[in-house]
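Here's the structure we're looking at; comments come further down.
The values are calculated or read from the model by the stated rules, or taken from the named source; none is laboratory data. Please read all numbers here as calculations on a predicted model, not as lab measurements. Note that we place each Cβ from the backbone using ideal geometry, even for glycine, and neighbour counts take in every protein chain shown.
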Amino acid sequence: MNIYILADLEGISGVYCREQVLPDQKRFDEGRRYLTREINICAEACKAAGAEKVYVRDAHGGSYTLIWEKLSPAVDVAVCGNTGSERYPGLEDCDAVILLGYHAMAGTQGALLEHTMSSTSVQNYWLNGVRIGEIALDSAILTERNKPVIMVSGDDAACAEAKQFLPRVTTAEVKKSVRCFGTCLLSPAESERRIREGVKAAIEAFQAGELDTYPTEKPVRFRVEYTERTQLPNPVTRPYMNIIDGRTIEVSADSVEEALWRIL
């Protein structure tokens, strides 16, 4: 059994402000340390629960956030940088996926650092008429790849959102949101305990077949509402695009992943 960890930053223990998640801010190195620490905890827990190999995908921003030289030996492969049209390199070698450090979708009231893909350009995503964020988006694509999401970690809002789309998924709540830039943090020891126990429970549930996936009807309808009307793509370059209004477009595709690339 091999496990694939998709690691975002906003839902990582100890992270609570924009200065920790943006590379041009003075506290970004702090966020990088926290991310790498939690990746190591998760990977070590996977190995303790019986995983043979652990792959990690740095899924924050441009995928240059984790600190390579600080990775635990429990991480067998770290995927970083621009990988082109391949969203999850190495996924074919893995059996199940953990979404580590994820966050709630854009517009979630009171959720820490809530956004969907980009806080500056995207207002909302809809998949087949259902408003989604990154948790559901990755779950849908991974379902198409026959790779179930077995655990999600993050704040209370992210964990609740995960349960909305994957009712039986294991969640590890490592902080409780107060507002977009404020949260109640747990101690490092307590957040570590929750990650380790969550991984153990998630792998046991996976081995027992007690999990949910997020299948989608085909063809897929993917809609995006931008934050500004000037961000609407040129229809000449995207003939498959349906313009809904001055800030919203929709595309159709044979898969969620293809629809996402058409949006992007």
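Please determine whether any residue of segment 237-257 is over 30 Å from Val169 (Cα atoms), in a loop (DSSP other than H, G, I, E, B), touching a residue at least 12 places away in the same chain (Cβ under 8 Å) and of a type in the set (A, V, I, L, M, F, W, C). Yes, there is a match, as at least one residue in segment 237-257 is over 30 Å from Val169 (Cα atoms), in a loop (DSSP other than H, G, I, E, B), touching a residue at least 12 places away in the same chain (Cβ under 8 Å) and of a type in the set (A, V, I, L, M, F, W, C).
Here's the yes/no breakdown for (1) at pLDDT 95 or above; (2) basic (Lys, Arg); (3) within 16 Å of Gly61 (Cα to Cα); (4) more than 16 Å from the chain's Cα centre (by Cα):
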{"position": "Met1", "(1), (2), (3), (4)": "yes, no, no, yes"}
{"position": "Val21", "(1), (2), (3), (4)": "yes, no, yes, no"}
{"position": "Gln25", "(1), (2), (3), (4)": "yes, no, yes, yes"}
{"position": "Arg33", "(1), (2), (3), (4)": "yes, yes, yes, yes"}
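Quick one: which of Glu257, Glu228 is under 21 Å from Met105 (Cα atoms), surrounded by 13 or more Cβ atoms within 10 Å (Cβ to Cβ) and not β-branched (Val, Ile, Thr)? Full working, then the answer.
Numbers: Glu228 fails: surrounded by 13 or more Cβ atoms within 10 Å (Cβ to Cβ).
After applying the criteria, what remains is Glu257.
Taken over segment 143-164, the criterion of being in contact with a Phe, Trp or Tyr (Cβ under 8 Å, 6 or more places away or on another chain) and within 28 Å of Pro233 (Cβ to Cβ) is satisfied by Thr143, Arg145. If you check Val15 against the conditions, is it assigned to a loop (DSSP other than H, G, I, E, B), assigned by TED's automatic domain parsing to the domain that holds Glu197 and either within 28 Å of Ala259 (Cβ to Cβ) or modelled with pLDDT of 95 or more (or both)? Answer is yes for this residue. Any residue at all in segment 44-59 that's without any contact (Cβ under 8 Å) to a residue 40 or more places away in the chain, outside any helix (DSSP H, G or I) and not aliphatic (A, V, I, L, M)? No: zero hits. Of all the residues in segment 193-215, those that are in the same structural domain as Leu99 (by TED's automatic domain parsing), buried (at least 20 other Cβ atoms within 10 Å of the Cβ) and not hydrophobic (A, V, I, L, M, F, W, C) number 1.
Note on segment 85-132: among residues that are part of a loop (DSSP other than H, G, I, E, B) and among the aliphatic types (A, V, I, L, M), the one that is surrounded by the fewest Cβ atoms within 10 Å (Cβ to Cβ) is Met117.
Any residue in segment 63-78 that is small (Gly, Ala, Ser), in contact (Cβ under 8 Å) with a residue 40 or more places away in the chain and surrounded by fewer than 21 Cβ atoms within 10 Å (Cβ to Cβ)? No, the conditions are met nowhere in segment 63-78.
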